[in-house]
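A.B. asks: This is the structure I have questions about; it appears just below.
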Amino acid sequence: MNKPLPELQPLPDAERRHVAVVGAGLVGLCSALWLQRMGYRVTIIDPAPPLGDASYRQACSYGNACTFAPHGVVPVAMPGVIWRVPGMLLNPLGPLAIVWRYLPQLAPWLRAFLASSTKAEVERIAGTLAVLLSHADAAWQPLVTQAGAERLKRHDGCLYLYKTEAQFRAGDAEYGLRERHGVAMDLLDQADIRGIEPNLAPLYHKGVLFRDAYMFSSPRQLAFALAQALVTGGGDIVRGEVSAIEPRNDGIGLRIAAKKILADHAVVAAGAHSRKLAASVGDRVLLDTERGYHVLFPQAGNLLSRPVCYPEHGFYMVPMADGLRAAGTVELGGLAAPLNPKRTAMIREGVKKLLPGAGEGSDEWLGFRPSMPDSLPVIGASRRWPRITYAFGHGHLGLTLSALTGYLVSQLVAGRIPAIDLTPLRPDRF
Ligand SMILES: Cc1cc2nc3c(=O)[nH]c(=O)nc-3n(C[C@H](O)[C@H](O)[C@H](O)COP(=O)(O)OP(=O)(O)OC[C@H]3O[C@@H](n4cnc5c(N)ncnc54)[C@H](O)[C@@H]3O)c2cc1C
C-alpha cells in the first residue's frame with residue numbers, strides 16, 4: 001500500500017516567488033512546507049495560528065481522532081444511505097445526523113451526497129481515495145522528520161470492533177472495498193481482542209485490526225512542530241483573518257483588516273471556511289461541514305494501546321498525550337450552531353460503557369470537518385484565476401491526506417504535472 005513519490009525538483013532561482021497560504025490547519029501547514037521545499041517564499045495567514053500559547057482550538061486539525069488512516073477508502077455516502085436519511089433527521093444524536101433547521105441550506109449538498117452513493121460512484125470514489133492513500137505516508141515522512149515530530153508517532157494500528165455478528169456483517173460492503181484496494185487487515189476474535197486491549201469491557205464479538213494505521217499522540221503538537229519548522233526554514237506566519245481575495249494582473253492581494261498582503265500566488269486552505277473565500281473570487285464550490293465532537297478523559301490515557309472504534313457508536317477512542325480522546329460522530333448542521341451538549345453527553349455515556357475505567361470526561365470540543373458530498377478533497381486551480389489554488393474539503397481524512405495535499409499543491413503552483421491525476425478532485429466538479 002505504501003507507495004513512494006517522485007522527489008521534488010526545486011525551482012531555479014528566477015522562479016522562486018512569493019506564495020500566501022490562507023489557513024494554518026494541517027492542510028495549510030503541509031502545503032506551506034512543501035512549497036518552501038520547492039523553493040518558494042511562503043507566508044501563512046491565520047487568525048489563530050499554532051504559535052506561542054495559542055489554543056489552536058478553532059482548527060479542525062486540533063481536535064480530530066489523531067489517526068493516519070490508510071483504511072479510509074470507504075466514502076461516507078455508501079449505497080443505501082438514502083434509507084438512512086429519515087433516521088438521520090429523526091435521531092439528532094445518532095452517529096450520522098442532520099440538524100432539521102439546517103436542511104434548507106444543506107439541500108444541494110445532500111442531493112449531491114445521495115447522488116454519490118450509487119454503486120458505480122462508490123467504486124470510482126474508493127479507487128481515487130485508494131490512490132491518494134497509497135502515497136499519503138510517503139508525503140508525511142519528510143515533513144515529520146523536518147519538524148522533529150517522529151516522537152509523536154505511535155505505530156500500533158487501529159482497531160474496529162463489533163458487538164454482534166449482524167453488526168459485523170453489516171459492514172460487508174465496506175470490507176469488500178477495503179479488500180479490493182489492498183488495505184492490510186487482520187480479523188480478530190474475542191480472545192485476540194482481550195489480549196491486545198485488556199481494559200475494554202468485553203462488549204465485542206469480532207474485531208478488525210488495520211495494521212498500517214498509525215497515530216500522532218497530539219495533533220496540536222504536530223501542528224506547532226510543523227509551524228516551527230516553517231519559520232525555521234524562513235517562512236512567515238501572519239496573525240489575521242483574510243476577509244477578501246483580490247486577484248490583480250501582477251498577483252493576488254489578500255485583505256487582512258486594514259492591511260493587505262500581495263503575493264504571486266495564493267493557496268486557499270481555510271478548511272470548512274473556504275467556501276466563502278472561493279465565492280469572493282467567483283468560484284462556487286459545494287463545500288459544507290460535517291460537524292464532529294470530542295470529549296477528553298484525562299485519567300484514561302494509558303487504558304488503550306491504539307485508536308479503537310465501534311462503528312456503531314461513530315467515534316474513536318484514542319490514547320493520546322493528555323488523556324483518552326473520544327472523537328467522532330457526524331452532525332450535518334452548518335458552521336453557526338453551537339456545540340450540542342446532548343451529543344457530548346452521549347459520547348461520555350458510550351465511553352463509560354465501552355471502557356469502564358475511563359473516569360470522568362472533561363474537555364469538550366466541537367469542530368468543523370470541511371466536507372465535499374463525495375468524500376473527496378478539492379485540490380486544484382480556481383476556474384477563473386490560475387494564480388489561486390484550492391486545497392480543502394478533506395472530510396474525515398484531513399490528517400491522513402494533508403501532507404500529500406501539500407506535495408500536490410506545490411507541484412500545481414509550480415506548473416508541474418502532478419504525480420497523481422487530480423481530475424476527480426477539481427474544485428468545480430459539482
Ligand atoms: C471529530 C473529528 C475526528 C477526526 N479524526 C480524523 C482522523 O483520525 N484522521 C484524519 O485523517 N482526519 C480526521 N478528521 C478530519 C481532519 O481533522 C480534518 O479533515 C482536517 O483537520 C482539516 O484540516 P484543514 O487544514 O483543511 O482545516 P482546519 O484544520 O480547520 O484549518 C483551517 C484553518 O483556516 C483558518 N481560517 C479560516 N478562515 C480563515 C480566513 N478567512 N483567513 C485566514 N485563515 C482562516 C482557521 O483559523 C483554521 O486554522 C477528524 C475530524 C473531526 C472533526
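A.B. asks: Please compute one quarter of the surface area of the Cα convex hull for region 277-326 and express it in square nanometres.
C.D. replies: The Cα convex hull of region 277-326, projected and averaged over all directions, gives 5.4 nm².
A.B. asks: Which whole-angstrom value gives the distance between the alpha carbon centres of region 320-388 and region 234-295?
C.D. replies: Each part reduced to its Cα centre gives a spacing of 22 Å.
A.B. asks: OK, next. Could you tell me, in Å, what Rg and Dmax come out for the Cα atoms of region 388-430?
C.D. replies: 10.4, 29
A.B. asks: If Rh is defined by the Kirkwood formula over all Cα pairs and Rg also comes from Cα, what ratio Rg/Rh do you get for region 1-146?
C.D. replies: Values: Rg = 19.6 Å, Rh = 18.8 Å.
Dividing the radius of gyration by the Kirkwood radius yields 1.05.
A.B. asks: Given Cα positions, please report Rg to Rh for region 13-55, the hydrodynamic radius being the Kirkwood one. Let's see the in-between values first.
C.D. replies: Working: Rg = 11.3 Å, Rh = 10.9 Å.
Taking Rh as the inverse mean 1/r over Cα pairs, Rg/Rh reads 1.04.
A.B. asks: So for the pair residue 111, residue 228, with labels modelled 7 Å out along Cα→Cβ, what separation do we get in nm?
C.D. replies: In this crude spin-label approximation the distance works out to 5.0 nm.
A.B. asks: To continue, here is another question. Rounded to the nearest Å, what's the spacing between the alpha carbon centres of region 85-138 and region 152-219? Just the number, please.
C.D. replies: When both Cα centres are located, 22 Å separates them.
A.B. asks: Among 5-14, 394-403, 141-150, what's the highest-first ranking by average C-beta atoms within 10 angstrom per residue? Please list the in-between numbers first.
C.D. replies: Values: 5-14: 11.6, 394-403: 26.6, 141-150: 16.8.
Ranking, from highest mean packing down: 394-403, 141-150, 5-14.
A.B. asks: Scan around residue 97 for amide H atoms under 5 Å from its own, H built in the peptide plane at 1.01 Å from N, and keep only partners 5 or more places away or cross-chain.
C.D. replies: Amide H neighbours of residue 97, under 5 Å, 5+ apart: 330, 331, 332.
A.B. asks: Distances over 27 Å make up what percent of all Cα-Cα pairs in the chain? Intermediate values should be presented prior to the final figure.
C.D. replies: Values: 45594 of 92235 pairs.
Percent of Cα pairs beyond 27 Å in the chain: 49.
A.B. asks: Along the three principal axes, how long is region 355-426 when you take its alpha carbons, biggest first, rounded to the nearest angstrom?
C.D. replies: Principal extents (Cα only, largest first): 53, 22, 20 Å.
A.B. asks: Then there's this: Subtracting the Cα-Cα distance from 0.36 nm times the residue separation, let me have the gained length for residue 246 to residue 100 in nm, one decimal.
C.D. replies: Gain on extension, residue 246 to residue 100, equals 49.0 nm.
A.B. asks: To continue, here is another question. After finding the eigenvalues of the alpha carbon gyration tensor for region 109-253, what semi-axes result from the square roots of 5 times each, listed largest first in whole Å? Mind dumping the intermediate values first?
C.D. replies: Details: eigenvalues 280, 126, 42 Å².
In descending order, the three semi-axes are 37, 25, 15 Å.
A.B. asks: Taking 7 Å along the Cα-to-C-beta vector as the label spot, tell me the residue 84-residue 258 distance in nanometres, rounded to one decimal.
C.D. replies: It works out to 5.1 nm between the two label points.
A.B. asks: Let me ask something else. Considering the alpha-carbon set of region 211-323 alone, what are its Rg and its Dmax in angstrom?
C.D. replies: 19.4, 58
A.B. asks: At 7 Å along the Cα-to-beta-carbon direction for both residue 187 and residue 321, put a label point, then send me their distance in nm to one decimal.
C.D. replies: The modelled label-to-label distance comes out at 3.9 nm.
A.B. asks: In addition: At q = 0.20, 0.22, 0.23, 0.24 Å⁻¹, what log₁₀ I(q)/I(0) does region 32-72 have when each alpha carbon counts as one equal point scatterer in the Debye sum?
C.D. replies: Those come out to -0.85, -0.90, -0.91, -0.92, one per q.
A.B. asks: Next question. For region 248-378, build the convex hull from the C-alpha positions and give me its volume per residue in Å³.
C.D. replies: On the way: hull volume 21.0 nm³, N = 131.
Cα-based convex hull of region 248-378, divided per residue, equals 160 Å³.
Every number here is computed from the coordinates shown, using simple stated rules; none is lab data. Being a predicted model, the structure only gives us computed values, none of them experimental. Here Cβ is always computed from backbone atoms with ideal geometry, including for glycine, and neighbour counts include all displayed protein chains.
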